[in-house]
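Enquirer: The structure that follows is given in the form of structure tokens.
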Amino acid sequence: MGSPVSPILANLIMEDIENKAMTEFHHPPKVWKHYVDDTFVVIKRKDLQQFFKFLNSIERTVQCTQEIENDGVMAFLDVKLTRESTGYLDYTVYSKPTHIDRYLNFRSDHPLQHKKAVIKTLLCREKLLTSNETNYQEGMDRIQLANGYPPALTARSQNSTNTKKMVENRCLVVLPYYRGLSEKLQRCLRNHNIKSFFKPMRTIGDKLRNEKDPVHPFDRQGAVYCVPCGDCDQKYFGETKRSFKARKKEHINYIKHFHPEKSALAKHALELGHRMNWSKTQIVAFENDFRKRRFIESFFINSTRSIINE
Ligand SMILES: [Zn+2]
């Protein structure tokens with residue numbers, strides 16, 4: 001899915017295949033519901049394999065796989081469906097067998113509002129994806145137990161899930177979280193009509209080594225950079241949507257092939273015979289948005305005294 005048009009094309013092709021499957025097969029499925037690349041189908045057992053074969057014969061490059069209900073139970077997306085003897089479908093939240101219902105633990109060193117948000121999100125999910133009160137209660141008990149949430153907090157969240165009030169025209173601040181201090185600070189700020197949010201300072205993820213090779217700043221896309229002149233105290237600020245490495249090559253070529261009109265850096269080097277100190281290059285910011293990048297570049301140009309840029 002590299003190109004932005006790919007999902008649209010994929011949908012159009014899938015629609016065409018579905019139309020053919022539903023209109024040309026002699027006993028089409030009773031129910032056909034799809035979500036992106038997953039489809040839920042209700043079909044008579046005797047027609048299943050023939051239909052499956054027909055479906056895969058429509059387009060050679062698009063081949064489906066199938067999963068059949070086991071003892072009347074089947075998982076579709078996040079939902080576990082159970083076919084009742086009465087013919088009704090019972091549903092509840094589906095989790096993989098390896099899932100252990102672990103979320104943010106209540107005893108962990110995180111702001112209370114984060115914990116409240118976790119329990120509210122899980123409550124909403126249980127409400128939406130369960131067909132009856134028993135399934136809902138079972139799901140919530142399991143989550144509460146695995147993550148140490150007090151039943152009183154869950155009950156309060158249950159009551160407030162549908163009655164959340166948004167407070168308009170309030171200042172918002174995001175601060176690092178320190179247990180004990182942050183709660184006091186939050187009360188203080190509330191008195192001044194400032195709403196505060198906290199983010200944890202130390203996470204286990206920060207402590208663990210990143211397995212990915214770090215990208216060198218000169219190879220990162222969307223950079224604002226500063227190159228000092230090696231022969232005077234002036235500096236050049238530039239921005240590029242590509243990497244600094246690629247842009248540096250261009251600057252060097254402008255100097256080499258005598259193109260002072262192409263950049264202020266080349267002009268400075270050619271007219272004054274100065275050499276840039278490339279080894280002292282600094283990447284001052286990374287920003288992928290063009291306008292923001294230009295803003296940062298202008299900020300540095302305007303706040304630096306000795307500047308090459310015109
Ligand atoms: Zn110079």
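Every residue, every condition in (1) assigned to a strand (DSSP E or B); (2) modelled with pLDDT under 90; (3) closer than 30 Å to residue 130 by Cα; (4) in contact with a His (Cβ under 7 Å, 6 or more places away or on another chain), yes or no:
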position	(1), (2), (3), (4)
2	no, yes, no, no
9	no, yes, no, no
14	no, yes, yes, no
29	no, no, yes, no
41	yes, no, yes, no
50	no, no, no, no
53	no, no, no, no
66	no, no, yes, no
74	yes, no, yes, no
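Enquirer: Also: Every residue in the stretch 213-244 that is more than 14 Å from residue 274 (Cα to Cα) and over 28 Å from the mean Cα position of the chain (by Cα), please.
Expert: Passing the criteria: 226, 237, 238.
Enquirer: If you don't mind, another one. Would it be correct to say that residue 144 is in the same structural domain as residue 33 (by TED's automatic domain parsing) and either within 24 Å of residue 37 (Cα to Cα) or touching a Ser or Thr at 6+ places or on another chain (Cβ under 7 Å) (or both)?
Expert: On the way: in the same structural domain as residue 33 (by TED's automatic domain parsing): no; either within 24 Å of residue 37 (Cα to Cα) or touching a Ser or Thr at 6+ places or on another chain (Cβ under 7 Å) (or both): yes.
No, not satisfied.
Enquirer: Confirm whether residue 80 is outside any loop (DSSP other than H, G, I, E, B) and basic (Lys, Arg). Outline the logic, then answer.
Expert: Details: outside any loop (DSSP other than H, G, I, E, B): yes; basic (Lys, Arg): yes.
Against the criterion (outside any loop (DSSP other than H, G, I, E, B) and basic (Lys, Arg)), residue 80 qualifies.
Enquirer: Moving to a separate point now. Only one of 280, 207 is closer than 30 Å to residue 115 by Cα and loosely packed, with under 15 Cβ neighbours inside 10 Å. Can you tell me which? Let's see the steps before the verdict.
Expert: Working: 280 fails: closer than 30 Å to residue 115 by Cα.
From the options 280, 207, the qualifying one is 207.
Enquirer: Select from the stretch 232-272 the residues that are small (Gly, Ala, Ser) and in a helix (DSSP H, G or I) and write down the one among them that is surrounded by the fewest Cβ atoms within 10 Å (Cβ to Cβ). Even if it seems obvious, please write down each step before you answer.
Expert: We begin by selecting, within the stretch 232-272, every residue small (Gly, Ala, Ser); these are 238, 243, 246, 263-264, 266, 269.
Next, from what is left, pick out any that are in a helix (DSSP H, G or I): 246, 264, 266, 269.
Details: 246: 14, 264: 18, 266: 23, 269: 23.
Within the stretch 232-272, the match that is surrounded by the fewest Cβ atoms within 10 Å (Cβ to Cβ) is 246.
Enquirer: Given the criterion surrounded by fewer than 19 Cβ atoms within 10 Å (Cβ to Cβ), among the hydroxyl-bearing types (Ser, Thr, Tyr) and more than 16 Å from the ligand (Cβ to nearest atom), identify the matching residue among 306, 298.
Expert: Working: 306 fails: more than 16 Å from the ligand (Cβ to nearest atom).
Of 306, 298, the one residue that is surrounded by fewer than 19 Cβ atoms within 10 Å (Cβ to Cβ), among the hydroxyl-bearing types (Ser, Thr, Tyr) and more than 16 Å from the ligand (Cβ to nearest atom) is 298.
Rundown of residues vs (1) modelled with pLDDT of 95 or more; (2) within 16 Å of the ligand (Cβ to nearest atom); (3) out of contact with any His (no Cβ under 8 Å at 6 or more places or on another chain), yes/no style:
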site: 193; (1), (2), (3): no, no, yes
site: 198; (1), (2), (3): no, no, no
site: 215; (1), (2), (3): no, no, yes
site: 249; (1), (2), (3): yes, no, yes
site: 287; (1), (2), (3): no, no, yes
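Enquirer: Report every pair of residues separated by at least 6 positions or lying on different chains whose Cβ atoms are under 6 Å apart, first residue within the stretch 221-237 and farther than 23 Å from residue 291 by Cβ and in contact (Cβ under 8 Å) with a residue 40 or more places away in the chain, second small (Gly, Ala, Ser) and within 16 Å of the ligand (Cβ to nearest atom).
Expert: Partner pairs satisfying both residue conditions: 233/306; 234/306.
Enquirer: Which of the helices (runs of 4 or more DSSP H) found entirely inside the stretch 90-166 contain at least 3 residues meeting this: basic (Lys, Arg)?
Expert: The qualifying helices (runs of 4 or more DSSP H) are 112-129.
Enquirer: Something else: Looking at residue 236, is it within 12 Å of the ligand (Cβ to nearest atom), touching a helix residue (DSSP H, G or I) at 6+ places or on another chain (Cβ under 7 Å) and hydroxyl-bearing (Ser, Thr, Tyr)? Break it down stepwise before answering.
Expert: Working: within 12 Å of the ligand (Cβ to nearest atom): yes; touching a helix residue (DSSP H, G or I) at 6+ places or on another chain (Cβ under 7 Å): yes; hydroxyl-bearing (Ser, Thr, Tyr): yes.
Yes.
Enquirer: Considering only residues that are buried (at least 16 other Cβ atoms within 10 Å of the Cβ) and either under 19 Å from residue 99 (Cα atoms) or of a type in the set (Asp, Glu) (or both), which ones fall in the stretch 110-141?
Expert: Those that are buried (at least 16 other Cβ atoms within 10 Å of the Cβ) and either under 19 Å from residue 99 (Cα atoms) or of a type in the set (Asp, Glu) (or both): 118, 119, 122, 123, 126, 129, 130, 135, 136, 139, 140.
The values are calculated or read from the model by the stated rules, or taken from the named source; none is laboratory data. Bear in mind that the values here come from a model prediction, so they are computed numbers and not experimental data. Note that we place each Cβ from the backbone using ideal geometry, even for glycine, and neighbour counts take in every protein chain shown.
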